[in-house]
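Each remark here refers to the structure printed beneath this line.
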Amino acid sequence: MEVVMRNMFQSLAKNTSANKLAKKYGLRFGASRFVAGETISQAIESVKDLNNAGKAGTLDHLGEFVYSEAEARESAEMCLQTLDAIHASGVQSNLSLKMTSLGLDINKDLCIKNMKIILERAKQYGNFVRIDMEDYAHCQITIDIYKELSSIFDNVGLVIQAYLYRTEEDMKLLNDLKANLRLVKGAYKESAEVAFPQKKEVDENFKKIIKNHLLNGNYTAVASHDQQIIDFTKKIVAEYGIDNSRFEFQMLYGICVELQNKLISEGYKVRVYVPFGVDWFGYFMRRLAERPANVWFVLKNFFK
Ligand code: FDA
């Protein structure tokens, strides 16, 4: 049953009509538990609350299905406005983005051009931009573009997914580049040809890459709500005397807030991923797919 629901939510996340409809009707069905609002100012208010609780933010303007240059430019403009708003408000937050929203599927050069404009603006403000990792089909091109950008900019980081077989090899190259990485399990529906099908294998690979990256001395963001992964990270940093300034924990907005608070009280750095925007549906469906139990929460909100 759980697998059926997971597949259903993952398919819905990619359904263009459902996404369009959701965009038209605004944040619904309890999505505001996971999405910080539709506007930049609402998102900035959420980051202020997080900062007051001792947490940093990473703002993500949600955007799926970008098919034209104009849409890609609009999306890049939203990233610039977000960086401007972070600077003007003085909140502690960097920016996360998906390169498909900047035109990756239309034209690689267009995407690189948009990325350079965004990284330049972030640099002016002394800020940092994290490139999210999308599905397997975009993995190689994302790493290639990251390589190119990181040879010009030192304020760019990447996400790497533990569920892919190729990750261990990718990490060797990224280690040579001294990459600042966010390490995650992986959120997309991938085949057993490219990704570990069993949770146990994903978790083992996750631990392996966390340890390698930390021990290689590169900045590591461990992005997980999984208690055993968090405990493992704490054990490694204590065992090898890795300073708190060399790593951080990251979690998603509205998920495991008590665990976030506990890490803060223990003196660790915590950054919360704060998604916002009218294009919330795909993101919301991926969160439901991760934890089908969330569907009861949706049903409760459906009738409100
Ligand atoms: P796991 O899925 O095993 O969950 C552990 C526990 O966490 C669950 O038992 C539950 O208690 C809680 N939990 C997890 N997900 C929940 C949810 N949706 N609702 C409620 N509780 C939940 N992926 C990707 O492919 N590319 C990317 O760029 C990113 N970026 C990213 C940034 C940040 C800051 C985070 C935290 C995660 C991502 N991800 C991602 C998503 C990631 O790949 C993964 O799908 C989720 O983090 C869920 O995996 P966990 O490690 O939390 O463990």
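For the chain, the longest stretch holding no GluC sites (Glu not before Pro) located in a DSSP loop with at most 11 other Cβ atoms within 10 Å is which? The partial results should precede the final answer.
Values: sites that count: 193, 266.
Segment 1-192 is the longest.
What the phi angles of the stretch 187-203 give under the Karplus curve with 6.51, -1.76 and 1.60, with θ = phi - 60°, is a coupling list of 10, 9, 7, 10, 7, 5, 6, 10, 9, 4, x, 9, 4, 4, 5, 4, 4 Hz, glycine and proline written as x. Under 15 Å of direct C-alpha separation, and excluding same-chain neighbours fewer than eight residues apart, residue 200 reaches these aspartates and glutamates: 226. For the chain, the share of DSSP beta bridges that are antiparallel, to the nearest 5, is 5%.
Cβ neighbours within 10 Å, averaged per peptide: list 271-281, 225-235 in order, most packed at the top. Mind showing how you got there, number by number?
Details: 271-281: 23.8, 225-235: 15.5.
Put in order of decreasing packing, that is 271-281, 225-235.
With the Cα gyration tensor of the stretch 224-270 giving a ≥ b ≥ c as the square roots of its eigenvalues, does the rule (a/c under 1.5 for rounded; else a/b larger than b/c for prolate; else oblate) give rounded, prolate or oblate? Note, shape of the stretch 224-270 comes out prolate.
Which whole-number percentage describes the relative contact order of the chain, with Cα contacts under 8 Å and a sequence gap of 6 or more?
29 percent
Within the accessible area of the stretch 28-87, what % is carbon and sulfur when the probe is 1.4 Å and the other protein chains stay in place? Please list the in-between numbers first.
Details: 1250 of 2610 Å².
Roughly 48 percent, rounded to a whole number.
In this structure, the amide hydrogen of residue 57, modeled 1.01 Å from its nitrogen in the peptide plane, lies closer than 5 angstrom to those of 93, 94, 272, counting only residues at least 5 positions away or on a different chain.
Beyond 18 Å between alpha-carbons counts as too far, so tell me which of 147/269; 113/147; 123/211 fall in that bin. Flagged as over cut-off: 147/269; 123/211.
Charge tally for residue 199 (other residues, Cβ to Cβ under 11 Å; Lys, Arg +1; Asp, Glu -1): -2. Amide H contacts under 5 Å for residue 248: 220, 221, 222, restricted to partners 5 or more places along the chain or on a different chain, H placed in the peptide plane at 1.01 Å from N. Treating each Cα of the chain as an identical point scatterer and summing with the Debye formula, the log10 of I(q)/I(0) at q = 0.08, 0.13, 0.15, 0.16 Å⁻¹ comes to -0.33, -0.95, -1.33, -1.57.
Measuring between their Cα centroids, the stretch 123-160 and the stretch 82-100 lie 15 Å from each other.
The values are calculated or read from the model by the stated rules, or taken from the named source; none is laboratory data. Because the structure is a prediction, the values reported are computed rather than measured. Note that we place each Cβ from the backbone using ideal geometry, even for glycine, and neighbour counts take in every protein chain shown. With ligands, DNA and RNA removed, areas are computed over all heavy atoms of the protein, side chains included. Shrake-Rupley method; radii C 1.70, N 1.55, O 1.52, S 1.80 Å.
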